[in-house]
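Visitor: Have a look at this one before I ask anything.
Read-outs throughout are calculated quantities, based only on the coordinates presented, and are distinct from any laboratory measurement. Because the structure is predicted, anything quoted here is derived from the model rather than measured. Methodologically, a virtual Cβ is constructed for each residue, glycine included, from the backbone with ideal geometry; neighbour enumeration extends over all protein chains shown.
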Amino acid sequence: HHILVEATIDLALQKTYPREKDDFARLITDAHSRLNITSEPIQELEESIADIIEDLYYELQELVEVENTNGIFNFRKKIEAQIQQHPDQPVLYNYLGNSYFLLRDVEKGTEIFKQCLVDFPDYLLGRLFLAFQLIQNKKYDEAGKLLHDNYTLQVLLPERTTFHNQEVYIFYAVWALY
């Protein structure tokens, strides 16, 4: 269902887990009992930008499914044009950064997510994808600091009780790799 997210996370499957998956099962079960997890957008957007973001999401998913690297490369131009028109939308930077990760340009993808974190410090997915990349590059301390060494979403973001299912999935995937 969320191929873009899973494709990025799946790049890590070759890695060795320093912790056992069972260690996280209890945390995830406990966390889910206190969270409202939704597939609906967390933030309300104007319909026009919401439609643009949704279209771009599905376009990139399709490119990933068919492993169209040229298409992903060209997709960046569309994203960059949308960022020019809508610089206040962090999800666009997410798509741009992930397009670099998908084509294994980790340095540029990391740079985009670092800037995303500066521009949008409350954007959880940007923080999570950056932590994911830091872990992939064995920068465990830096990744832990980025997430304030919190193993549950409730501790990391106590003011929130509702999370998008992608946020939950990626949060625990990042910690499982950590």
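Visitor: For residue 85 paired with residue 47, estimate the spin-label separation in nm (one decimal), with each label point 7 Å from Cα along the Cα-to-Cβ line.
Guide: 1.7 nm
Visitor: Also, I was wondering about something else. Rounded to whole Å, give me the distance from the Cα center of the range 127-146 to that of the range 47-107.
Guide: Distance between centres, Cα-based: 22 Å.
Visitor: Can you pull out the trypsin sites (Lys or Arg not before Pro) in the range 87-173 that DSSP calls coil and that have at most 13 other Cβ atoms within 10 Å?
Guide: 104, 138
Visitor: A follow-up question, please. Taking the Cα centre of the range 23-178 as the origin, how large is its charge dipole in debye, to the nearest 20, when only Lys and Arg (+1) and Asp and Glu (-1) carry charge on their Cβ atoms?
Guide: The calculated dipole for the range 23-178 is roughly 680 debye.
Visitor: Only sites in a loop by DSSP and with at most 14 other Cβ atoms within 10 Å count here; which GluC sites (Glu not before Pro) in the range 41-130 make the cut?
Guide: Here the sparse-neighbourhood loop sites are 44, 46, 67.
Visitor: Greater than 23 Å separation of Cα atoms is the criterion. Which listed pairs, 77/138; 78/145; 114/139; 114/138; 114/145, meet it? The partial results should precede the final answer.
Guide: On the way: 77/138 31 Å; 78/145 33 Å; 114/139 14 Å; 114/138 17 Å; 114/145 14 Å.
Distance filter (> 23 Å) returns 77/138; 78/145.
Visitor: Which loop-located GluC sites (Glu not before Pro) does the range 137-174 contain, where loop means any DSSP state but H, G, I, E or B and the Cβ has at most 11 other Cβ atoms within 10 Å? Spell out each step's value before the answer.
Guide: Details: sites: 142, 159, 167; in loops: 159.
Of the GluC sites (Glu not before Pro), the ones in loops of the range 137-174 whose Cβ has at most 11 other Cβ atoms within 10 Å are 159.
Visitor: Under a point spin-label approximation (7 Å from Cα along Cα-to-Cβ), what is the residue 149-residue 105 distance to one decimal in nm?
Guide: 3.6 nm
Visitor: Lys and Arg at +1, Asp and Glu at -1: add these up for the other residues within a Cβ distance under 13 Å of residue 126 and post the number.
Guide: -2
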